[in-house]
1. What is the order of ILE2, ILE132, fewest Cβ neighbours within 10 Å to most?
2. Roughly how big is the chain's charge dipole about its Cα centre, with Cβ charges of +1 (Lys, Arg) and -1 (Asp, Glu), in debye to the nearest 20?
3. Take every Cα pair under 8 Å in the chain that's 6+ residues apart, average their separations, divide by the length, and report that relative contact order as a whole percent.
4. Pairs on different chains or at least eight residues apart, Cα atoms closer than 20 Å: how many lysine pairs in segment 14-151 fit?
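What follows draws every value from the coordinates through simple rules; no lab data is involved. This structure is a prediction, so every number in the text was calculated from the model and none was measured. Glycine also receives a Cβ, built like all others from the backbone with ideal geometry; neighbour counts cover every protein chain displayed.
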Amino acid sequence: MISEQSPITGQEYKTDLTAPLRALVEFYDAFNSRDLEKMSHNWDQTDEISMDNPLGGIKRGCQEIKSVYESIFKGPAMVYVEFYDYTIHEAGDIFYAVGRERGVFRVRETVINLAIRTTRIYKLIDGQWRQIHHHGSIDDPELLARYQSAVKGRE
């Protein structure tokens, strides 16, 4: 399988995309535009969903996950990410995307270039692809420590 190198930023023209790709574009549109309403439409709204990321650890259920995005979107930091080097795997009413995110985290005079391994899992629910799980990891221990420190306001 060949991975896709063209990044997903959220600015792609959505009507020409396959349904799985459109769901990913809608996620990055919501994230990069800091839009909680769009974000809530991308995720399933149940207690069965989960997210595991380098900052918040494991979050379960729509309320915990929403609180993570609220803190990012309403906080002082500006974060931009795009998804690239990815593959999409479909299996009936589930698809998962495996790839990388690159981007920038900015807060005050601190600027950190991000490099995150990312997996997103979606399920077809009532005719719509809804995210049910996300896992993100930062491989570089120095980058992870710097990012965690900056988010906590110590850098």
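1. On the way: ILE2 5, ILE132 19.
Least to most surrounded, the residues fall as ILE2, ILE132.
2. Details: 19 positive and 24 negative charges, 102 e Å.
Dipole of the chain, to the nearest 20 debye: 500 debye.
3. Details: 283 pairs, mean separation 33.0, N = 155.
Across the chain, relative contact order equals 21 percent.
4. 10
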